[in-house]
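The block underneath contains the structure these notes are about, expressed in structure tokens.
The values are calculated or read from the model by the stated rules, or taken from the named source; none is laboratory data. A quick note: this is a predicted structure, and the numbers were derived from the prediction, not measured. In this analysis, Cβ positions are derived from the backbone assuming ideal geometry, glycine residues included, and neighbour counts consider all displayed protein chains. For accessibility, only protein heavy atoms count, side chains too; no ligands or nucleic acids. Shrake-Rupley method; radii C 1.70, N 1.55, O 1.52, S 1.80 Å.
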Amino acid sequence: MPAPRRVLLSRIGRLLRTAALLVAGTALGWAQFPAHPGTPDEIQVAPPPLTEGIFPCSGCHDGKAQKPNPIRREMKDMHTDIELRHGPETRWCTDCHDLIDRDKLRLANGDKLDFKVSYQLCGQCHGDKYRDWRVGVHGKRTGSWNGAKQYLLCVSCHNPHSPRFAALAPMPPPVRPETIQRRKGGAR
Ligand code: HEC
Ligand code: HEC
Ligand code: HEC
Ligand code: HEC
């Protein structure tokens, strides 16, 4: 075999080895460091603050006794406590709840979602707040800086049906003790 060809072959061999090492190294790196700090798998969230006894929803919404009803209407027989004041007038329950599988939430693309990851639903429309929440700027995050973190769900703080916080009732200004004394002793 002529020398130049052997040199060429060995160079190609080295190149291939380097490429293989690079690929393996990158894969290992990815396995160690998730691409996104806070992908759903590693986000530890508080349990959904559902009313006791309401879940599973399919206890009533079984598709037989309680047939899914897609028509927009006022709730009369159940859920009368729910007041929908969230975005446009056209908003309806099934924008967020799956019509057939009532134990799941529903994304705009029709994908079903667990109540445990409701932040993904909120994140569809409130991307900025979702990003802030993930990095611990909005909402509440506890845990260690380079280890496990725990998050409160958006719905731990915001009512999903009527998310605007009620305004605080203004209180009268404080009264000085002397004034109270004076009032007790008879107004002058
Ligand atoms: C903007 C999205 C959205 C809309 C619109 C919406 N929901 Fe919800 N709803 C949610 C989310 C998210 C939860 C889960 C809250 C939690 O994890 O505690 C929820 C929880 C519930 C619950 C459980 C409440 C409880 O007491 O625990 C019921 C019942 C419900 N929704 C019914 C409805 C009905 C009926 C409508 C329409 C009148 C509706 N929802 C509209 C997002 C929505
Ligand atoms: C105790 C029985 C019961 C449970 C439990 C229950 N629902 Fe309902 N739900 C009803 C009834 C009854 C209606 C119809 C009310 C009406 O039309 O006035 C209804 C209506 C709805 C609607 C309006 C759409 C439709 O198909 O009528 C949504 C959305 C809904 N429920 C979501 C939920 C969710 C989400 C849960 C669980 C977190 C839940 N429900 C748990 C009884 C129940
Ligand atoms: C389909 C889109 C959509 C989804 C999903 C959605 N929102 Fe909203 N949200 C809106 C719109 C539209 C408004 C009204 C914005 C406005 O009035 O300026 C709003 C308003 C709000 C507000 C501000 C209320 C105020 O005026 O102070 C909060 C808080 C909020 N949403 C929280 C949530 C949470 C929590 C979830 C998940 C359970 C969620 N949203 C899911 C569209 C959405
Ligand atoms: C620990 C409680 C808490 C959690 C968790 C939380 N928020 Fe909030 N959020 C607040 C408070 C408090 C405000 C009100 C700030 C204000 O009025 O200036 C607010 C305001 C908002 C607003 C209105 C902002 C505006 O510009 O008017 C939106 C939208 C919102 N939050 C969405 C979300 C979403 C989406 C999540 C989850 C990804 C979330 N929040 C998680 C406490 C929370």
(request) Set the Förster radius R0 to 35 Å, insert the Cβ-Cβ distance between Leu107 and Thr142 as r into 1/(1 + (r/R0)^6), and round the FRET efficiency to 0.05. (result) 0.80
(request) Run the dipole for the chain about the Cα centre, Lys and Arg Cβ at +1, Asp and Glu Cβ at -1, nothing else charged, and hand back the magnitude in debye, nearest 20. (result) 880
(request) Roll a 1.4 Å probe over the protein heavy atoms and report the accessible area of Arg5 in Å², nearest 10. (result) 140
(request) Only helical DSSP H runs with n ≥ 4 go in: add -39500 (n - 2.57) per run for the chain, normalise by residue count and round the 222 nm mean residue ellipticity to 500 deg cm²/dmol. (result) -9500 deg cm²/dmol
(message) Which residue, Gln44, Ser162, Val137, has the largest displacement toward the positive end of the dipole of the chain when charges sit on each Cβ (Lys, Arg +1; Asp, Glu -1)?
(response) Val137
(request) Please give the contour-minus-distance gain from Thr179 to Thr80: 0.36 nm per residue of separation, less the Cα-Cα distance, rounded to one decimal in nm. (result) 30.9 nm
(message) Between Asp114 and His161, what is 0.36 nm times their sequence separation minus the Cα-Cα distance? Round to one decimal in nm.
(response) 15.2 nm
(request) Would you mind classifying the range 39-164 by shape? Square roots of the alpha carbon gyration tensor eigenvalues, ordered a ≥ b ≥ c; an a/c under 1.5 is rounded, otherwise it is prolate if a/b is larger than b/c and oblate if not. (result) prolate
(request) Enumerate lysine pairs in the chain that are 8 or more residues apart or on different chains, then count those whose Cα atoms are under 14 Å apart. (result) 4
(message) What does DSSP give for the range 39-164 in terms of the percent of beta bridges that are antiparallel, rounded to the nearest 5?
(response) 75
(message) Given an 8 Å cut-off on Cα distances and at least 6 residues of separation, report the relative contact order of the range 99-179 as a percent.
(response) 16
(request) State the extension gain, in nm to one decimal, for the chain segment bounded by Leu152 and Ser10, taking 0.36 nm per residue of separation less the distance between their alpha-carbons. (result) 45.4 nm
